[in-house]
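To keep things clear, I will list the structure first and then write my remarks on it.
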Amino acid sequence: MHLKSIAQIEFKFIFSIFIALILSGCKNDAQVNFYDKSLKTDKLKCLSFTPQNNTKLEQKLKELYKFNNNCPNRLELSYKSGIVCNSSFNAPQKATTNFPNSYLKLEVKKGFNLVYSYYIDLNNKPTVSDIEEAFSRLKDDILE
């Protein structure tokens, strides 16, 4: 009988680890990276931005900030919807939760060097409010 209780404890432990692994698939939390650590103290004075497709999101960015086309710090926007996380380990999570199917990414580059990025998985197509939240974070993090 003692062996049975040990087996039950082991099963519960293994099951708990399994659930934790399933839930650690693709997350909805924004990931922010400072590739140039000096940006944490020496914030940027300007950004340039050239819209590629004239979408609502690009138009919203132009409303949120006065971009300077002569600035060497370039903001790049990328996003996609209708995507899936292809990990087979995420199958139970895909079936039982609101699994992300979109992303939004803002990157700041100096020349060809990436200095800052903001990335978030989303459950819906990126919206204007998503871009407002992302740019607000970027602004707080790296702009004067």
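Net charge in the neighbourhood of VAL108 (other residues with Cβ under 13 Å of its Cβ; Lys, Arg +1, Asp, Glu -1) is +4.
Sort segment 103-144 into rounded, prolate or oblate with this rule: let a ≥ b ≥ c be the square roots of the eigenvalues of the Cα gyration tensor; rounded if a/c is under 1.5, and if a/c is not under 1.5, prolate when a/b is larger than b/c, oblate otherwise. Oblate shape, in that a/c is at least 1.5 and b/c is the bigger or equal ratio. The phi torsions of segment 108-125, fed into the Karplus equation with coefficients 6.51, -1.76 and 1.60 and a -60° offset, translate into couplings of 10, 10, 10, x, 9, 8, 6, 10, 7, 9, 10, 9, 9, 7, 10, 8, 10, 4 Hz, rounded to whole numbers, with Gly and Pro shown as x.
Rounded to the nearest 20 debye, the dipole size of segment 100-144 about its Cα centre is 220 debye, using +1 on the Cβ of Lys and Arg and -1 on the Cβ of Asp and Glu.
Site pair LYS139 and GLU63 shows an inter-label distance of 1.3 nm when each label is modelled 7 Å from Cα along Cα→Cβ. For the cross-link pairs LYS40/LYS110; LYS60/LYS139; LYS37/LYS60; LYS66/LYS139; LYS45/LYS109, the ones whose C-alpha atoms lie over 18 Å apart are LYS37/LYS60.
Only the coordinates and a few stated rules stand behind these numbers; no lab work does. This is a predicted model, so every value here is computed, not measured. Glycine also receives a Cβ, built like all others from the backbone with ideal geometry; neighbour counts cover every protein chain displayed.
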